[in-house]
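Novice: Structure below; questions to follow.
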Amino acid sequence: MNKLDEIFKSGKKNLLNIYCTAGYPYKESTGEVMLALQKHGADMIEIGIPYGDPVADGPIIQQSNMRALQKGMTVGLLLQQLEEVKEAITVPVILMGYLNPVLQYGIEKFCAEAKSAGVHGVILPDLPFHEFEKEYKSIFKKHKLHFIFLITPETNEKRIRKMDQLSSGFLYAVSSSSTTGSTVAGENKDHYFKKLRQLKLKNPIMIGFGISDRASFENACKYASGSIIGSSYIKAISDSGDIDELTQQFISLIKDK
């Protein structure tokens, strides 16, 4: 069974998924960051594939992308780094990126190598669902990789149900239509979260964008299986301190181990 399925079937609540950009804060740090996240309580790890035009991301993650690319981070190097630590990583691993670098690498090759490197799911926010269904769904299924779609407060119910049908692993509920790292208004956000819960979708829901501290994490978890934190963690490890120590300090502010 895919580890994403295992963790949701376990019944564990308040799942914490932390995003980190591959090759950040320095080129060879991907494995070190993953090991620190796992050690200190992340339930799953989302690795960002650096890209020059990450349209869904705010300035903090954009800057981490640029820094990683400037230092020579590539899709191939990322997959190699994942391969090197896969035996030590026991939590689910998700790759989040954009379609163009994956197509340039070769989507069949990407899926095969990602699976070999211990990846359990993939998020490509700029891949339209009709294109996924027609062109790529069979490739992800062949390599037993979950493909995770994003929905926003503006996504209508018909489209949400279609994306729920096509998604596997979980459904990524973006807390607002802004970019990552943005703060979102409480009442509108909670209304949207309640609506999603009432739809009784087949996939578990993980909520992301604008989740930055214990309060926003716990509030999102009231309506979903867990929550995704990215920008605030990237900011926390941006200083030239010890990654393990900085990660421990950050996660201790979000949840009890």
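Novice: Round to a whole angstrom and tell me the spacing of the C-alpha centers of the range 134-151 and the range 64-89.
Specialist: 22
Novice: Mind checking the per residue accessible area of the chain for me, 1.4 Å probe, whole number of Å²?
Specialist: Accessible area per residue, the chain: 44 Å².
Novice: As a check on your grasp of the helix formula, calculate [θ] at 222 nm for the chain: sum -39500 (n - 2.57) over DSSP H runs of n ≥ 4, divide by the residue count, round to the nearest 500.
Specialist: Result for the chain: -12500 deg cm²/dmol, rounded to the nearest 500.
Novice: Looking only at PHE140, PHE110, PHE132, which one moves most when the chain is put into a Gaussian network model with springs between Cα atoms under 10 Å?
Specialist: Maximum among the listed residues: PHE132.
Novice: Just to check I understand the Karplus step: with θ = phi - 60° and J = 6.51 cos²θ - 1.76 cosθ + 1.60, what whole-Hz values come out for the range 11-16, glycine and proline as x?
Specialist: Values, residue by residue: x, 5, 9, 6, 5, 10 Hz.
Novice: List the residues, sorted by chain then number, that are 5 or more residues from ASP57 or on another chain and whose placed amide H is less than 5 Å from its amide H.
Specialist: THR180
Novice: Okay, moving on. What is the sum of charges around TYR98, taking Lys and Arg as +1, Asp and Glu as -1, for the other residues whose C-beta is under 12 Å from the C-beta of TYR98?
Specialist: Taking every Cβ under 12 Å from that of TYR98, the sum is -3.
Novice: Also, quick follow-up: Please name whichever of LEU95, ILE49, GLY76 sits farthest to the positive end of the charge dipole of the chain, dipole taken about the Cα centre and charges placed at Cβ: Lys and Arg +1, Asp and Glu -1.
Specialist: The Cα lying farthest towards the positive end belongs to LEU95.
Novice: Considering amide H positions built from the backbone, and no H for Pro or chain starts, which residues 5 or more places from VAL122, or on another chain, come under 5 Å of its amide H?
Specialist: Long-range HN contacts for VAL122: LEU95, HIS146, PHE147, ILE148.
Novice: Another one. Can you give me the long-range amide H partners of SER225? Hydrogens built in the peptide plane at 1.01 Å from N, cutoff under 5 Å, separation of 5 or more residues or another chain.
Specialist: Hits under the 5 Å cutoff: ILE205.
Novice: Taking LYS39 as the anchor, which lysines have their alpha carbon closer than 23 Å to its alpha carbon, excluding any fewer than eight residues away along the same chain?
Specialist: LYS3, LYS9, LYS12, LYS13, LYS27, LYS86, LYS115, LYS235, LYS255, LYS257
Novice: Just to be sure I understand: with springs between alpha-carbon atoms less than 10 Å apart, which residue in LEU246, LEU145, LEU16 has the highest mean-square fluctuation in the Gaussian network model of the chain?
Specialist: For the chain, modelled as a Gaussian network with Cα springs under 10 Å, the answer is LEU246.
Novice: Checking the cross-link filter: which lysines have an alpha carbon closer than 17 Å to that of LYS189, excluding same-chain neighbours under 8 positions apart?
Specialist: LYS222
Novice: Is the C-alpha gyration tensor of the range 1-158 telling us rounded, prolate or oblate? Criteria: a/c under 1.5 is rounded; beyond that, a/b larger than b/c is prolate, otherwise oblate.
Specialist: Verdict is rounded for the range 1-158.
Novice: When only Cα pairs under 8 Å and 6 or more residues apart are kept, what is the percent relative contact order across the chain?
Specialist: Here the relative contact order equals 23 percent.
Novice: Something else: Determine ³J(HN,Hα), in whole Hz, for all residues of the range 222-238 in sequence, where each value follows from phi through the Karplus function 6.51 cos²θ - 1.76 cosθ + 1.60 and θ = phi - 60°; x replaces Gly and Pro.
Specialist: So the Karplus estimates, Gly and Pro as x, are 5, 10, 9, 5, x, 9, 10, 10, x, 4, 5, 6, 4, 5, 5, 9, 6 Hz.
Novice: Quick one, could you list the DSSP H helices from the chain stretching 15 Å or more along their long axis (Cα atoms) with average Kyte-Doolittle hydropathy of 0.0 or above?
Specialist: Taking the DSSP H segments of the chain (at least 15 Å long, mean hydropathy at least 0.0), we get 75-85, 243-254.
Novice: Roll a 1.4 angstrom probe over the protein heavy atoms and tell me the percent of accessible area of the chain that is carbon or sulfur.
Specialist: 49
The values are calculated or read from the model by the stated rules, or taken from the named source; none is laboratory data. In this text the structure is predicted, and so the values were computed from the model without any measurement. Neighbour counts run over all protein chains shown; Cβ positions are idealised from the backbone, glycine included. Quick note on the areas: whole protein, heavy atoms, side chains included, nothing else; ligands and nucleic acids left out. Shrake-Rupley method; radii C 1.70, N 1.55, O 1.52, S 1.80 Å.
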